[in-house]
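Have a look at the structure below before the remarks.
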Amino acid sequence: MENTSLVYARLLRGKGILTTDCNKIRWRTSEDLSIDLHKSICSALCTPANIRNYTLDVSITVFAFREESPYLDALANVQYLGIKVSSTSRDPQHGLQQMREAGKVVSRCPRLKGFEFYSQASVFAYETSESLRSELNKTNELEVFKIDSNLGFTHDMNWSKLGKVKELWASVEGSVTHKEDLEELYAGFMDAGTNLNILSIERYTEPTHEYLLNCRKTLQELDIWGSWNNVELADGFWDEVIPKHAPTLRRLSIQNQTGLERWMHTAANKAAWSWYDYTTCKSKVALPKCKMLEEVTIAFCEGRTSWITEMTESLVAACPGLHTINITFFLDPPANAGLLSTLPALESWASSDKIFNGRSLRIQYEDASKGAFCFPKQTTKGTVPPLWFDKLVQSWRLTSERSDENPETLYRFVRLDDEYHCDDKYTKAKLSPF
């Protein structure tokens, strides 16, 4: 039987794989593959950027090989790189070898445009991460900077090296110094004159709030997720931050998964976080100011009451380019209460308002639990859905109808076939902006 490595490498070089029809390749290393196979993959994929017609991004698990990794030499041609460090120890010196390997990988990528770093270690000593930091200080073209880690490796960076960054994605929840780290990161961006277009951040905290109020350039995309329950910050977010960024904001995603809906609807706190049909609702006042808005994700349920159609009517009138509304819910029991109230609201809604004339609008829900307790699956007759998928996307499209009995155009939402998304954790990450 022919060697698996040779077969795979020949397949990659064959017609239909590395042809002009291929515009992007994502490669993730694995401990299950041999060094020889990785060498074959690397030699096939990592051709010089000026002679290939696809963008290449690579994700490296630096603990995958106990020996040196000379096969990675060809990574000099990689533009987008993700590194995962295996250490989870609280010992600041633990993971020193992994950080050295991470630094070596970065050193092989002088044309790097996008960098991702993942680690569950709660703290990194300055000395432990020096090898990675020193190599990042040699980069000059980074446009995408993504961190799911303690930010210790960025302490005292040469922030001018991040002056061209346009997209920041950060999750530092497990870090013991996340507040101080974010303050330093944002201050470094300000000093370097970094002008972000896209910010995706876990939790809405004081450092993020201050940065959004004081940054020189307003955002095009803002994504906030995780648990955030500071009412004072919420008020400032809707009263100050959103109005500031409203002139340029095209995509806004607010996913506050606190599971504290009852707490949020006390007299002091209600209407601060999400869309409700209240005159005091801050999001209801702020969102229509975003005239350039194209896509929005926000919760809109109060227990078993859904405000989805009220929100749609308001935003369609205010935001002429809005084409997608993503449904999200708080994690309050029962888990499907919001879903069960939203479905009949969409099915029964109808309007003759001319504001909907010619509008293309899609409302969708991403079911990450694979539809276990959500809306009934709806697939094309005669087709069999995949047995494995990352999530199910359920959606509705705005349509128009007219009858002999009623010549006036009536607008409704029609349920579309479900879509099954595989490998979506990499598609959603948007490592490469091109």
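The values are calculated or read from the model by the stated rules, or taken from the named source; none is laboratory data. Since we're looking at a predicted model, the values are computed, not measured. When we count neighbours, we look across all protein chains shown, and the Cβ atoms used for this are built from the backbone with ideal geometry, even at glycine.
Since Ser360 meets every condition but one in (1) more than 16 Å from Thr309 (Cβ to Cβ); (2) in a strand (DSSP E or B); (3) modelled with pLDDT of 85 or more; (4) not aliphatic (A, V, I, L, M), which condition does it not meet?
Here Ser360 meets the rest and fails (2).
What are the residues in segment 289-332 that are surrounded by fewer than 20 Cβ atoms within 10 Å (Cβ to Cβ) and touching a His at 6+ places or on another chain (Cβ under 9 Å), if any?
Glu294, Glu295, Gly303
Does segment 263-281 contain at least one residue that is modelled with pLDDT under 70, touching a strand residue (DSSP E or B) at 6+ places or on another chain (Cβ under 8 Å), part of a loop (DSSP other than H, G, I, E, B) and hydrophobic (A, V, I, L, M, F, W, C)?
So far as segment 263-281 goes, yes, one or more of its residues are modelled with pLDDT under 70, touching a strand residue (DSSP E or B) at 6+ places or on another chain (Cβ under 8 Å), part of a loop (DSSP other than H, G, I, E, B) and hydrophobic (A, V, I, L, M, F, W, C).
With respect to the numbered conditions (1) under 28 Å from Gly103 (Cβ atoms); (2) aliphatic (A, V, I, L, M); (3) within 19 Å of the chain's Cα centre (by Cα), which one is the sole condition not fulfilled by Leu136?
Leu136 satisfies every listed condition except (3).
Is it the case, given these coordinates, that Leu142 is more than 16 Å from Val85 (Cα to Cα), at pLDDT 85 or above, among the aliphatic types (A, V, I, L, M) and not in a loop (DSSP other than H, G, I, E, B)?
Values: more than 16 Å from Val85 (Cα to Cα): yes; at pLDDT 85 or above: yes; among the aliphatic types (A, V, I, L, M): yes; not in a loop (DSSP other than H, G, I, E, B): no.
For Leu142, the condition - more than 16 Å from Val85 (Cα to Cα), at pLDDT 85 or above, among the aliphatic types (A, V, I, L, M) and not in a loop (DSSP other than H, G, I, E, B) - is not met.
In this structure, does Asp156 turn out to be buried (at least 21 other Cβ atoms within 10 Å of the Cβ) and charged (D, E, K, R)?
So Asp156 fails the test.
How many residues, within segment 100-117, are under 19 Å from Leu162 (Cβ atoms) and assigned to a helix (DSSP H, G or I)?
Residues that pass the stated criteria total 5.
Can you name the condition, by its number, that Lys428 falls short on among (1) under 29 Å from Leu222 (Cα atoms); (2) surrounded by fewer than 13 Cβ atoms within 10 Å (Cβ to Cβ); (3) modelled with pLDDT of 75 or more?
(3)
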